[in-house]
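Beneath this line is the structure, given in structure tokens, with notes to follow.
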Amino acid sequence: MHPHAPARHRLYGLAVETDRSLPGLAVVEDRGPAELRVWMGHVPAEAFAAGAAEEPWYVSPRMTPADEPTVVVHRRADGAFRLRYADECEYHVDAAGTRVACTWPARFTPEDAATYLLGPVFGLVLRLRGIPSLHASAVAIDGVAVALAGAAGAGKSSTAAALAARGHALVADDVLGVLAGEGEIRVQPAYPQLRLWPDIVPALYGPGAELPRITPNWDKRGVRLDEAFHPDPLPLAAVYVLGPREDAPAAPRLERMGAVEAVLALVPNVYVGWFPDRAAQARELEVLGRVARAVPVVRAVPHADPARLGALCDLIEADVRRHHG
């Protein structure tokens, strides 16, 4: 397919129609109605009227080395949002989470724009559609999903990669949509790619192993797992919240949390929880309470030595099978 030809993708459980195929993602044959439309490289006037009035909505407290907010969000009179990142990548999202348009500076590539798109922008789209999401990776173990949550740099993607190397299909990396239906918590598959920091690659794949950058301008490496990806929603079996690494004989270890402690541990891991929307925040808190009551929420303490990551995977596999064997 020509890279600028219209394409269909299946992302986060949504049928997505794009005006060009998204970098690094497989195109799917799907002739049903699109649930989300995406324009890459321009902002169509029929979707987002030029010059519409807008007001500041959110300014990130996180600053770049140049002392600029990492992202500034404006809201338009029609309810749409405009997200402008400090590196000049810009995203327009309509109020219903059904249309997205993005542009980027000349020094960047579509791969750079897709990095934000597939992360925080899709997290916002899910939120606008009433689907809370966790800042988490997930894999499928014996027919159920296992979520790996935690702060940036906690090791979510590397732990997911280590479990995937053991034959467990990837469900999501970074953004995990949560569906709280009647009597069961399910999670949405994202897309078949993992993003890893280069220093963890040799520990996962052997000395001297290298992986391609996800873009020429970002240092993270990408792993395509098209043949080891679970494309359908799965019941959530457990959430493992990765804590700080310890260089101690007792690490790695797992510590089961009570329901209140579990909710408090999950709240900081809500994706785009910073976005000001009280209705969404109330909805997310209700879902987190249901998660904490329905499935084990476990603190996972990794060892500081990356070579001990396999021992943490052993503990997670055994814990899941003990509860869902």
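In table form, for the structure just shown:
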item: Tally of residues being modelled with pLDDT under 95 and among the β-branched types (Val, Ile, Thr) across region 154-171; result: 0
item: The one condition in (1) out of contact with any Ser or Thr (no Cβ under 8 Å at 6 or more places or on another chain); (2) modelled with pLDDT of 95 or more that residue 151 fails to fulfil; result: (2)
item: Checklist (1) crowded, with 19+ Cβ neighbours inside 10 Å; (2) closer than 17 Å to residue 118 by Cβ applied to residue 155, failing item; result: (2)
item: Which listed residue, of 206, 258, is surrounded by fewer than 20 Cβ atoms within 10 Å (Cβ to Cβ) and more than 20 Å from residue 303 (Cβ to Cβ); result: 258
item: Pairs with Cβ under 8 Å, 6+ apart, first in region 157-173 and farther than 20 Å from residue 133 by Cα, second among the acidic types (Asp, Glu) and in a helix (DSSP H, G or I); result: 163/317; 166/317
item: Hits in region 40-78 (condition: without any contact (Cβ under 8 Å) to a residue 60 or more places away in the chain and under 24 Å from the mean Cα position of the chain (by Cα)); result: 59, 61, 62, 63, 64, 69, 70, 71, 72, 74, 75
item: Selection count, region 94-118, where residues are surrounded by 21 or more Cβ atoms within 10 Å (Cβ to Cβ), touching a strand residue (DSSP E or B) at 6+ places or on another chain (Cβ under 7 Å) and β-branched (Val, Ile, Thr); result: 1
item: Region 126-142, subset touching a helix residue (DSSP H, G or I) at 6+ places or on another chain (Cβ under 8 Å) and assigned to a loop (DSSP other than H, G, I, E, B), residue surrounded by the most Cβ atoms within 10 Å (Cβ to Cβ); result: 132
item: In region 158-174, residue nearest to the chain's Cα centre (by Cα) [restricted to those that are of a type outside the set (A, V, I, L, M, F, W, C) and under 12 Å from residue 317 (Cβ atoms)]; result: 159
item: Unique match (being of a type in the set (Val, Ile, Thr), modelled with pLDDT of 95 or more and in contact with a helix residue (DSSP H, G or I) (Cβ under 8 Å, 6 or more places away or on another chain)) among 301, 297, 272, 320; result: 297
item: Region 267-295 residues that are in contact (Cβ under 8 Å) with a residue 40 or more places away in the chain, paired with ones that are assigned to a loop (DSSP other than H, G, I, E, B) and not aliphatic (A, V, I, L, M) (beta carbon under 6 Å, 6 or more apart); result: 284/132; 287/132
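The values are calculated or read from the model by the stated rules, or taken from the named source; none is laboratory data. If you're wondering where the values come from, they're calculated on a predicted model, not measured in any experiment. Positions of Cβ are backbone-derived with ideal geometry, glycine not excepted, and every protein chain shown enters the neighbour counts.
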